[in-house]
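Here's the structure, in structure tokens; my notes come after.
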Amino acid sequence: MRFSHFGSRFMQDSGVIQLMDDLGDALRQPGMIMLGGGNPARIPQMESYFSARMAQMLETGEFADLISVYDAPEGNYALREALAGLLQRECGWPVTPEHIALTNGSQTGFFYLFNLLGGNLTDGRRGRILLPVTPEYIGYADVGIEPDLFVARRPQIEIQERPFFKYRLDFDALAIDDGVSAICVSRPTNPTGNVLTGEELTRLSALARSHELPLIIDNAYGWPFPNILYVDDVMPWEPHVIMCLSLSKLGLPGARTGIIVADPAIIRGAKGMNALISLAPNSLGAALTLDAIRSGEILRLAQEVIQPHYQAKADQAVQWLSDALDDVEFYIHRPEGAFFLWLWFKGLPISSQELYERLKAQGVIVLSGHHFFPGLTGTWAHRHECIRINYAGDPAIVQAGIERIAAEVRRAWGK
Ligand code: PLP
């Protein structure tokens, strides 16, 4: 059988697929402690909210209506209208339903956006997506139909009070040349929990505007929902900004619903891709959240239920790590949002991949940090000194995982 270059990338070559396979194999071993994946927490209040809404849909017959028709290719109109209203009212964004498209998860949205804006452009040039700060979300790597879709920059490292550090966007290193056709940043960032400051974002946005480039902001964890943010934040929307939201981190990853808020020209592209690739996006996430978005209840849930739930987990995980590694030189990226801790073992005698392997042998799955630098060229020891852990899971399991990580790190340093 012969396959296309594009097809074969999905079958064997992608680093992300290999990583997922490796994680899947490890998980089949009983008793494994999983701190590696991207699953959100199971929050009882959110589960009861969505279960009650589902029961109501079954009772009123809405569910039968929902499953018997395809939605519009740009996504459910009622949801887009309610969301535009919420974003206007609460965020001050001048958007209408024509500025909104739904996709089957925001991951699918990124596949659309990167391939709409990068690759072989209609003017004959080759367009690349600039990631101004790496480490950056691993899910971007390998989604380009054309290879080498990303160019990336290193951040500056700011050491803060023990045990924290923070990545800062290095504007001096951000030369934007003709090859760049869009800029993208996740905020809060997966894997680091970094939230670019308001000042950094304003400057980046002005730079994008002055170069007539779209700025894609991956807001899967941020404001106004799910609001997994530990710093105060508001964000403006402007026509060159492509804001990507998701219902996943509200507790609905299985409903596969992503949201793109952008200039109507971009929305037309996403609509066409939805139509050709899947006819229409999934309707379930829209139905489960419509009332909460229409009434604004979603903001209350985000602020009063989701945010404090993760804040407590973040504080607790930092405390456990600080206690377990009090005599080791290590840093944690200041957790400002999302639900990951990014640990930096400066000068670690073994690579982060070797640490991952040793931890796997000890029954703990983390992610080696070197995966999170899509598009970054050149050697940089820092790439091999970090790991990511997800602290959203059961506290007893997270604590047990952290203790084993600490023991393995001490062993690596001969302590
Ligand atoms: N963007 C970021 C930064 C993520 O961490 C994730 C998932 O973990 C996604 C996008 C994709 O989320 P989904 O496709 O579930 O909306």
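How much mean residue ellipticity at 222 nm does the chain get from its helices, if each DSSP H run of length 4 or more adds -39500 (n - 2.57) and you divide by all residues, to the nearest 500 deg cm²/dmol?
-12000 deg cm²/dmol
Asp142's amide H: which non-local residues (gap 5+, or another chain) put their own amide H closer than 5 Å, with H modeled 1.01 Å from N in plane and none for Pro or chain starts?
The list, which skips near neighbours in sequence, is empty: none.
In whole angstrom, how far apart do the alpha carbon centroids of the range 128-191 and the range 1-50 sit?
Each part's Cα centre sits 23 Å from the other's.
Looking only at the chain, where both bridge partners belong to it, what percent of the DSSP beta bridges are antiparallel (to the nearest 5)?
If I count the DSSP bridges inside the chain, around 55 percent turn out antiparallel.
May I ask you to derive the relative contact order of the range 70-296, considering only C-alpha pairs under 8 Å and at least 6 residues apart, and to give it as an integer percent?
30
What is the distance, in nm, between label points placed 7 Å from the Cα along the Cα-to-Cβ direction at Gln303 and at Lys346?
Distance between the two pseudo-spin positions: 3.9 nm.
Please list 3J(HN,Hα) in residue order for the range 169-178, calculated via the Karplus relation 6.51 cos²θ - 1.76 cosθ + 1.60 where θ = phi - 60°; whole Hz, with x for glycine and proline.
5, 8, 5, 5, 9, 9, 3, 9, 9, 4
Among the lysines, which fall within straight-line cross-link reach of Lys249, defined as a Cα-Cα distance under 22 Å, with same-chain neighbours fewer than 8 residues apart omitted?
Lys313
Please compute the contact order of the chain in relative form: average sequence separation of alpha-carbon pairs under 8 Å and at least six residues apart, divided by the residue count, as a percent.
About 23 percent, as a whole number.
By DSSP, what percent of the beta bridges with both residues in the range 70-296 are antiparallel, rounded to the nearest 5?
50
Run down the lysines and flag those whose C-alpha is under 22 Å from the C-alpha of Lys415, throwing out any fewer than 8 positions away in its chain.
The reachable lysines, counting only those whose Cα sits under 22 Å from Lys415, are Lys346, Lys360.
Once you sort the root eigenvalues of the Cα gyration tensor of the range 216-299 as a ≥ b ≥ c, which label holds: rounded (a/c under 1.5), prolate (a/b larger than b/c) or oblate (the other case)?
Since a/c reaches 1.5 but b/c is at least a/b, the shape of the range 216-299 is classed as oblate.
With springs only between Cα atoms under 10 Å, which of Thr60, Thr189, Thr257 fluctuates most in a Gaussian network model of the chain?
With Cα springs under 10 Å in the chain, the top fluctuation among Thr60, Thr189, Thr257 is at Thr60.
Provide the per-residue ³J(HN,Hα) series for the range 358-363, in order, calculated from phi with Karplus coefficients 6.51, -1.76, 1.60 and θ = phi - 60°, each as a whole number of Hz, with x at glycine and proline positions.
So the J values, rounded to whole Hz, are 5, 5, 4, 5, 8, x.
Rounded if a/c is under 1.5, else prolate if a/b beats b/c, else oblate: with a ≥ b ≥ c from the C-alpha gyration tensor eigenvalues square-rooted, which is the range 7-110?
Verdict is prolate for the range 7-110.
Which of Ser210, His99, Pro281 sits closest to the plus end of the dipole of the range 70-296, meaning its Cα is farthest towards the positive end, when Lys and Arg get +1 and Asp and Glu get -1 on the C-beta?
Pro281
If each residue of separation counts as 0.36 nm, what is the full-extension length gain between Asp123 and Phe3 once their alpha-carbon separation is subtracted?
In short, 40.3 nm is gained.
Let a ≥ b ≥ c be the square roots of the eigenvalues of the Cα gyration tensor of the range 70-296; is it rounded (a/c under 1.5), or, if not, prolate (a/b larger than b/c) or oblate?
oblate
How large is the dipole of the range 373-415 about the Cα centre if only Lys and Arg carry +1 and Asp and Glu carry -1, each at its Cβ, rounded to the nearest 20 debye?
Dipole about the Cα centre, nearest 20: 160 debye.
Along the range 209-222, what does the Karplus equation 6.51 cos²θ - 1.76 cosθ + 1.60 (θ = phi - 60°) give for ³J(HN,Hα), rounded to whole Hz, x for Gly and Pro?
Result, ordered by residue: 4, 5, 9, 6, 10, x, 10, 8, 10, 8, 10, 4, 10, x Hz.
Have a look at Leu102, Leu130, Leu325 and tell me which one the Gaussian network model of the chain (Cα, springs below 10 Å) gives the largest fluctuation.
Per the Cα network of the chain with a 10 Å cutoff, Leu325 tops the list.
FYI, it's all coordinate maths here, none of it is from the lab. On a predicted model such as this, the values are computed, not experimentally measured, just so you know. Counting neighbours? That spans all protein chains shown, and the Cβs are built from the backbone with ideal geometry, glycine included.
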